[in-house]
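Have a look at the structure below before the remarks.
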Amino acid sequence: MIVLKKLNAAVIGCGAISERHLEAIVKAGAEIACVADIDERKAKKTAEKYKCRFYCDYHEMLKDSQVDVVHILTPHYLHAKMAIDSMKSGVHVLTEKPMATSIEDAEKMIDVSRETGRMLGVCFQNRYNPTSLKAKEIIESGKAGQILGAKAWVTWHRDETYYTQSDWRGSWEKEGGGVLINQAIHTLDLIQWFMGDLARLKGSYYTSLLENTIEVEDTADAVIQFKNGTTALFFASNCYPVNSPVSIEIVLSKAVIRLESVLTVTWNDGKTEHYSDEDLVSGDKFYWGVSHKRLIADFYNKILSGEKFELDGNEGIKALKMVKAIHRSSETNAWIDLG
């Protein structure tokens, strides 16, 4: 997808993920108008690379009349306020996950998007992976039969340094949780996207290897039930020695779908099909995937066409509700209604 008309974009937050967004903005054919970061060195360095203006105060940036779209790439606890301020200033917003650290703030974002008419997008880019889209297509076509159940495993590595080098990670107030809200939220989003409307869940969380470093969870699990009567098992931990590929398995009446680095469909008659992404990313952050550019191009095209962007606030809040439900379920030892 190529944007036919140039939109002017701004980025708030020049940290690790910003390069993904900036490259995707350029790829989409949009213009980078400015960037903002409280660290002047980071902001200036990024601005010099992309030949744009920079700000150290996002409020000043929002006064820039040339900005059409703002990308929010800041610590979790800042997402909601920055998104609301941006939409009220008249610009569209694409925020990194999670859209907020509380359900209340996420709902406020949705309300402001509706009131202002500004588009709100949430960056769950893994929905745009070719393998994810193929799995969704097979499930929705009905040719694999009815969904019987699923499981999803996220086993990654985050050590003490990952948390101690930041003043916001590892805290309930600023990160909003641990492995669930930061790493596994992408997988929770995919599970509900594949399986259908949520009904309820029962889960637990705890902190093990990182108990002396963080106050949030490093490991969690859940049994998730859906309105169609199916159940998914879920497990996530940051205590693995490496960042292993996420594993999702969906059992249907005529086939089993396994989604890892590649998509494997094993049919009941013994036939097996394999699908892979054309441009798998490698290196230290391979698990981020390469679909930011696909999501961002789609977001920009929807702004220009006036069509609905699928991954809006109402979609983005679903995975956040799952995260918060697992936290609450663990603390109360009860099923939490999501219907």
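The values are calculated or read from the model by the stated rules, or taken from the named source; none is laboratory data. Nothing here was measured: the structure is a model prediction, and the numbers come from that model. Because the Cβ atoms are built from the backbone with ideal geometry, glycine has one as well, and the counts that use them run over all protein chains shown.
Quick check: anything in region 230-250 in the same structural domain as residue 322 (by TED's automatic domain parsing) and free of Cβ contacts under 8 Å to residues at least 12 places away in the same chain? Among the residues of region 230-250, not one is in the same structural domain as residue 322 (by TED's automatic domain parsing) and free of Cβ contacts under 8 Å to residues at least 12 places away in the same chain, which makes the answer no. Scanning region 216-239 for residues being surrounded by 15 or more Cβ atoms within 10 Å (Cβ to Cβ) and outside any strand (DSSP E or B) gives a total of 5. Per the listing 24, 80, 36, the residue uniquely crowded, with 20+ Cβ neighbours inside 10 Å and farther than 23 Å from residue 175 by Cβ is 24. Do we find a residue being among the aliphatic types (A, V, I, L, M), in contact with a Phe, Trp or Tyr (Cβ under 7 Å, 6 or more places away or on another chain), in contact (Cβ under 8 Å) with a residue 12 or more places away in the chain and in a loop (DSSP other than H, G, I, E, B) anywhere in region 23-31? So far as region 23-31 goes, yes, one or more of its residues are among the aliphatic types (A, V, I, L, M), in contact with a Phe, Trp or Tyr (Cβ under 7 Å, 6 or more places away or on another chain), in contact (Cβ under 8 Å) with a residue 12 or more places away in the chain and in a loop (DSSP other than H, G, I, E, B). Provide a single number: the residues in region 296-324 that are surrounded by fewer than 24 Cβ atoms within 10 Å (Cβ to Cβ), assigned to a helix (DSSP H, G or I) and either within 12 Å of the chain's Cα centre (by Cα) or touching a residue at least 24 places away in the same chain (Cβ under 8 Å) (or both). Count: 12. Only residues that are touching a Leu at 6+ places or on another chain (Cβ under 7 Å) and within 19 Å of residue 139 (Cβ to Cβ) were counted across region 153-206, and they come to 3. When residues of region 128-161 are filtered for being among the aliphatic types (A, V, I, L, M) and assigned to a helix (DSSP H, G or I), how many remain? Summing the residues that are among the aliphatic types (A, V, I, L, M) and assigned to a helix (DSSP H, G or I) in region 128-161 gives 4.
It is to be established whether one or more residues within region 104-113 are touching a residue at least 12 places away in the same chain (Cβ under 8 Å) and in a loop (DSSP other than H, G, I, E, B). The answer is no; no qualifying residue exists.
Among the residues of region 260-279, is there at least one that is in a strand (DSSP E or B), buried (at least 20 other Cβ atoms within 10 Å of the Cβ) and aromatic (Phe, Trp, Tyr)? Taking every residue of region 260-279 in turn, none turns out to be in a strand (DSSP E or B), buried (at least 20 other Cβ atoms within 10 Å of the Cβ) and aromatic (Phe, Trp, Tyr). Here the condition is being modelled with pLDDT of 95 or more, assigned to a loop (DSSP other than H, G, I, E, B) and of a type in the set (S, T, N, Q); of 204, 166, 171, it holds for 171 alone.
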